[in-house]
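Participant: Quick one: the structure is below, questions incoming.
Read-outs throughout are calculated quantities, based only on the coordinates presented, and are distinct from any laboratory measurement. Remember, predicted model here, so these are calculated numbers, not experimental data. Here the Cβ positions follow ideal geometry from the backbone for every residue, glycine too, while neighbour counts run over all protein chains shown.
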Amino acid sequence: MFKVVDAVGGYGKTVIIRGVNLDVRAGEIVALLGRNGVGKSTLMKFVTGLVPATSGHVEFDGSVLPEKPAKRARLGIGYVPQGRYVFERMTVSENIAVAAASNGYDGKEAVAAALQDFPLLEPKIDDLAGGLSGGQQQILALARALAIQPRLLLLDEPTEGVQPSIIDDMAGVLKRINQERGISILVAEQDLEFCLSIAERAYVMEKGTIRLETDRETLLADKTLQQELLGV
């Protein structure tokens with residue numbers, strides 16, 4: 001369904017990712033693991049088109065994706081960036097509705113669906129997004145990404161700065177939308193416990209490359225590998 005092929009890219013003349021190859025199959029949740037600074041966020045931006053390709057490309061349903069991020073989103077790629085980046089001066093409902101409308105979907109229907117997925121947003125629905133807590137903003141960012149009805153969801157450090165109870169809720173929602181809607185998910189994280197609570201398979205990045213592809217059981221059982229590659 002989705003492939004990154006020989007990805008090389010970075011910022012200006014600085015190359016961050018080098019020769020990265022990975023894939024996510026239809027209906028699969030895959031973890032992208034690694035310490036800070038190994039290139040996970042850059043790879044996510046490469047996939048969305050926010051970091052231009054020095055070489056390599058991204059395939060979706062067997063076709064190479066267009067360069068512009070907006071066109072990639074319209075093809076069904078949702079993205080929750082590290083740091084959330086909600087529209088702080090818009091209300092919660094406006095954040096969700098605008099995202100839906102940008103992809104040709106009904107804003108009111110998207111807001112209603114978001115409240116079903118994330119009931120904790122309901123008392124905040126008319127509040128400005130900038131006044132939400134960090135965890136609430138993260139949930140809003142996820143709801144906004146789902147409003148475009150993606151077939152592939154990219155999550156970059158979704159647990160960063162989020163309290164454990166919300167992390168548990170998030171994991172439950174991600175597993176449910178994966179099972180019920182068939183949305184494929186690629187989640188970049190340092191939180192091994194969170195990732196392996198939802199993912200069956202993982203890639204581990206080191207120094208801008210994929211060091212290892214493994215399954216959940218193998219990674220959970222190998223404490224030495226966890227310490228070496230992830231520092232856990």
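Participant: Treating only the Cβ atoms of Lys and Arg (+1) and Asp and Glu (-1) as charged, compute the dipole magnitude of region 67-135 about its Cα centre; round to the nearest 20 debye.
Facilitator: For region 67-135, the charge dipole is close to 380 debye.
Participant: Using the alpha-carbon centroid of each, what span in Å lies between region 1-48 and region 120-146?
Facilitator: 27
Participant: Taking the Cα centre as origin and putting +1 on Lys and Arg beta-carbons and -1 on Asp and Glu beta-carbons, what dipole magnitude results for the chain, to the nearest 20 debye?
Facilitator: For the chain, the charge dipole is close to 740 debye.
Participant: Here's a follow-up. Report the antiparallel proportion of the DSSP beta bridges in the chain as a percent, rounded to a multiple of 5. Could you put the intermediate results ahead of the total?
Facilitator: On the way: 22 of 40 bridges.
Percent antiparallel among DSSP bridges in the chain is about 55.
Participant: What ranking of Thr91, Thr14 emerges when the number of other C-beta atoms within 10 Å of each C-beta is taken as an exposure proxy, fewest first?
Facilitator: Listed from fewest to most nearby Cβ atoms, that is Thr14, Thr91.
Participant: Which FRET efficiency, nearest 0.05, do Thr224 and Lys175 yield, Cβ-Cβ r, R0 30 Å?
Facilitator: Computed FRET efficiency for Thr224 and Lys175: 0.55.
Participant: Have a look at the DSSP beta bridges in region 109-231 and tell me what percent are antiparallel, nearest 5.
Facilitator: Details: 6 of 11 bridges.
Around 55 percent of the beta bridges assigned by DSSP in region 109-231 are antiparallel ones.
Participant: First check a/c for region 38-100, with a ≥ b ≥ c the square roots of the eigenvalues of its C-alpha gyration tensor; if it is under 1.5, answer rounded, and if not, answer prolate when a/b is larger than b/c or oblate otherwise.
Facilitator: Because a/c hits 1.5 or more and a/b fails to exceed b/c, region 38-100 counts as oblate.
Participant: Among all lysine pairs in the chain that are eight or more places apart or on different chains, how many have alpha carbons less than 20 angstrom apart?
Facilitator: The number of close lysine pairs in the chain is 12.
Participant: Based on other C-beta atoms within 10 Å, arrange Tyr79, Tyr85, Tyr105 from fewest to most.
Facilitator: Listing Tyr79, Tyr85, Tyr105 from fewest to most nearby Cβ atoms yields Tyr85, Tyr105, Tyr79.
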